[in-house]
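The values are calculated or read from the model by the stated rules, or taken from the named source; none is laboratory data. None of the values given here were measured: they were computed from a predicted structure. A quick note on method: Cβ atoms are made from the backbone with ideal geometry, for glycine too, and the neighbour counts reach across all protein chains shown.
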Amino acid sequence: MTKTMLERKKPKLICDNPINTLGKMMQTMRPSNTKTLYNFIDDYILPLGATLDHAGNAVIRIGDSKVLWSSHTDTVHRVSGHQRIVVNGDMLKLGHGSLSNCLGADCTTGVWLMREMILNNVAGLYVFHDSEEIGGIGSSWLAKHHNGLLDGIDYAIAFDRKGYDSIITHQSGGRCASDAFAKSLAKQLPNAYETDDTGTFTDTANYTSVIGECTNISVGYFAQHTANETQSISHALELRDAMLRFDESKLVKSRNAGDIDPDSFDYRFGSYDRNYKGYYSDNGYYDYGFKSDTKGKKRSYNSFYDMVDYIQDNADAVADMLDQYGITLDDIIDHVEGSNKG
């Protein structure tokens, strides 16, 4: 983070109808480390009283709270700038003929929700993370260099999940939140929310060793990372209303920071050996977090298996992306059969 970025001036606070604001925010295409992203932070986050740390995370604390609220400011747009969006019934979506590769509700809706909570003085430590989409860089840095900022935080709640009803209990192959916590959180959310152990990755996964309960909840978008992405207006408003009434004293803390749930790894890694601090399968021990594939390439579990999880969870969106890149079913079959023969 450059000194110039840390010293940027804070412009006037934007106050508008909440959905108008969400629409304006959604018009921005914000890949990491771009001018549009920095302008977005200047316009919508710094005027709230947030400060930037040396990794580009924007942070603001309201009141005495044990909750870290999480979202990320970057999107997966291929280029920066602005795009046209339209309202189609209850959904925000890209305008007809748009050349943009995604709407960017992931994670613009999360940023908008946190902004609404701050404007209404809901207590919490608010962290608008930098560069989630290219590897959780901002949250990874903060987990290691928080210098006491995270002391006393028991819960990390991200607004960065598709659908209407998920409270994530597992990310990156392991448990990140207890069922007891998730169920206590569900009581304060719209009626459909329930525990979900199919999470892949968002920034709160990087805090599991320093914060006991780390989750991610649905905000009403679908087909994220694709040109078909949509955002439900009614769900965004319903969740906003629930968060403005939020009472953290009703949360239940069951998981402790750093806890490892070995059973949650069995379906992909085999058993976890606490003494060896590695995973064991039929082929023997693997170094913690890595495995060499058949071609001798060292492959990270956290990247490779997150990708497997994500593809399984978003098959339609991945197929759409492959189709846009000109990859056909025959291409996929040839590759898979060729790999199996090799």
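Across region 207-259, the number of residues qualifying as touching an Asp or Glu at 6+ places or on another chain (Cβ under 9 Å), of a type in the set (Lys, Arg) and not in a helix (DSSP H, G or I) comes to 2. Residues that are of a type in the set (Gly, Ala, Ser), more than 15 Å from residue 162 (Cα to Cα) and in contact with a strand residue (DSSP E or B) (Cβ under 9 Å, 6 or more places away or on another chain) within region 190-212 comprise 205, 212, listed in sequence order.
For region 92-112, the count of residues that are in contact (Cβ under 8 Å) with a residue 12 or more places away in the chain, in a strand (DSSP E or B) and of a type in the set (D, E, K, R) is at least one.
Counting only residues that are under 15 Å from residue 105 (Cβ atoms) and either basic (Lys, Arg) or within 18 Å of the chain's Cα centre (by Cα) (or both), region 49-83 holds 7 of them. Of the residues making up region 215-234, just one is out of contact with any helix residue (DSSP H, G or I) (no Cβ under 8 Å at 6 or more places or on another chain), over 20 Å from residue 315 (Cα atoms) and either surrounded by fewer than 21 Cβ atoms within 10 Å (Cβ to Cβ) or of a type in the set (Phe, Trp, Tyr) (or both), namely 234.
Within region 163-214, the residues that satisfy the criterion of being surrounded by fewer than 20 Cβ atoms within 10 Å (Cβ to Cβ), aliphatic (A, V, I, L, M) and modelled with pLDDT of 95 or more are 180, 186, 189, 210. Just one of the listed residues (135, 152) is in the same structural domain as residue 208 (by TED's automatic domain parsing), farther than 16 Å from residue 217 by Cβ and at pLDDT below 95, and it is 135.
For region 25-37, the tally of residues that are crowded, with 18+ Cβ neighbours inside 10 Å and either in a strand (DSSP E or B) or not polar (S, T, N, Q) (or both) stands at 7. Taking (1) at pLDDT below 95; (2) touching a His at 6+ places or on another chain (Cβ under 8 Å) in turn, residue 107 satisfies each apart from (1).
The set of residues in region 40-86 being surrounded by fewer than 17 Cβ atoms within 10 Å (Cβ to Cβ) and in contact with a Ser or Thr (Cβ under 8 Å, 6 or more places away or on another chain) consists of 81, 82, 84. Within region 213-230, being on the phi > 0 side of the Ramachandran plot and either in contact with a strand residue (DSSP E or B) (Cβ under 8 Å, 6 or more places away or on another chain) or outside the structural domain of residue 91 (by TED's automatic domain parsing) (or both) holds for 220, 223. Mind checking whether some residue in region 51-71 is farther than 24 Å from residue 230 by Cβ, part of a loop (DSSP other than H, G, I, E, B) and of a type in the set (A, V, I, L, M, F, W, C)? For region 51-71, residues farther than 24 Å from residue 230 by Cβ, part of a loop (DSSP other than H, G, I, E, B) and of a type in the set (A, V, I, L, M, F, W, C): present.
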